[in-house]
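Enquirer: Sharing a structure with you now.
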Amino acid sequence: MKLWLADTGPLLAYLVNVDEHHAWAVEQMKQAPMTVLTCEAVITETLFLLERDGHPPEVLFGLVETGWLCCEFDFHREYRQVRDLMRRYRGQPMSYADACLVRMAELHPTASVWTLDRHFQIYRRHHRQTISLVAPW
């Protein structure tokens, strides 16, 4: 069974039909697993960007209510690893959400990160292992 870890970009692209990656995100949704995991940082970013651009937050909450999007990350338990990732990639623009997703990829080694962020090509699980990506490039 495949597992996806959702980043902010594809969620926005799917939810906002004027987004340049909307058609790609809709196509990917047809192949997505029944449940996609994410973290609160991604939820926060997505809600902020939806509201900033005048889109209703209910569209994201709908994905949660249907059970498709599940927020599964315990920052308190994982903060040391998140901190270490942010230190390691200090020279890259690794956001808090990116660090949480990389840590989730470490915890779920068969998962793919669904992203529009090219930095995930640079990030590594456990220092050396590439991260499987679902991306348009």
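The values are calculated or read from the model by the stated rules, or taken from the named source; none is laboratory data. All values derive from a computational prediction rather than experimental measurement. All Cβ positions, even for glycine, are placed from backbone atoms using ideal geometry, and neighbour counts span all protein chains on display.
Enquirer: Please go through (1) under 17 Å from L11 (Cα atoms); (2) surrounded by 14 or more Cβ atoms within 10 Å (Cβ to Cβ); (3) not hydrophobic (A, V, I, L, M, F, W, C) for E65 and return the number of the only condition it doesn't satisfy.
Expert: (2)
Enquirer: Looking for whichever is farther than 19 Å from R125 by Cβ and touching a Gly at 6+ places or on another chain (Cβ under 8 Å) here; the options are H55, H21, H76. Which one fits?
Expert: H21
Enquirer: List every residue pair whose Cβ atoms lie under 9 Å apart, where the two residues are 6 or more positions apart in sequence or sit on different chains, the first residue falls within the stretch 47-63 and is more than 14 Å from N17 (Cβ to Cβ), and the second residue, located anywhere, is assigned to a loop (DSSP other than H, G, I, E, B).
Expert: L47/P57; L49/V16; L49/H55; E51/P57; G62/W68
Enquirer: Conditions first: (1) outside any helix (DSSP H, G or I); (2) in contact with a helix residue (DSSP H, G or I) (Cβ under 9 Å, 6 or more places away or on another chain). C100 passes all but one, so which condition is the exception?
Expert: (1)
Enquirer: Related question: If a residue must be touching a residue at least 40 places away in the same chain (Cβ under 8 Å), assigned to a helix (DSSP H, G or I) and either in contact with a His (Cβ under 9 Å, 6 or more places away or on another chain) or among the aliphatic types (A, V, I, L, M) (or both), how many such residues does the stretch 25-46 contain?
Expert: 2
Enquirer: Among the numbered criteria (1) under 15 Å from L101 (Cβ atoms); (2) modelled with pLDDT of 95 or more; (3) out of contact with any helix residue (DSSP H, G or I) (no Cβ under 7 Å at 6 or more places or on another chain), which one does E72 miss?
Expert: (2)
Enquirer: Additional query: Just give me the residues in the stretch 99-116 being under 18 Å from M29 (Cβ atoms) and of a type outside the set (A, V, I, L, M), in sequence order.
Expert: Correct list: S112, W114, T115.
Enquirer: Continuing with the same structure: Show the residue pairs that are 6+ apart or on different chains and have beta-carbon atoms under 6 Å apart, the first residue being within the stretch 1-22 and under 21 Å from I131 (Cβ atoms) and at pLDDT 95 or above, the second being outside any loop (DSSP other than H, G, I, E, B) and of a type in the set (G, A, S).
Expert: Partner pairs satisfying both residue conditions: W4/S112; P10/A25; A13/A25; Y14/A25; H21/A13.
Enquirer: So which residues in the stretch 1-50 are under 20 Å from A97 (Cα atoms) and polar (S, T, N, Q), if there are any at all?
Expert: T8, T35, T38, T44, T46
Enquirer: Can you tell me which residue is nearest to the chain's Cα centre (by Cα) among those in the stretch 103-117 that are without any contact (Cβ under 8 Å) to a residue 40 or more places away in the chain and not in a loop (DSSP other than H, G, I, E, B)?
Expert: Once the filter is applied, the top-ranked residue is R103.
Enquirer: Could you say whether any residue in the stretch 70-90 is in a loop (DSSP other than H, G, I, E, B), touching a Pro at 6+ places or on another chain (Cβ under 7 Å) and not polar (S, T, N, Q)?
Expert: Step one: list which residues in the stretch 70-90 are in a loop (DSSP other than H, G, I, E, B), which gives 72-74, 89-90.
The next check asks that each one be touching a Pro at 6+ places or on another chain (Cβ under 7 Å); those that pass are none.
No, the stretch 70-90 contains no residue that is in a loop (DSSP other than H, G, I, E, B), touching a Pro at 6+ places or on another chain (Cβ under 7 Å) and not polar (S, T, N, Q).
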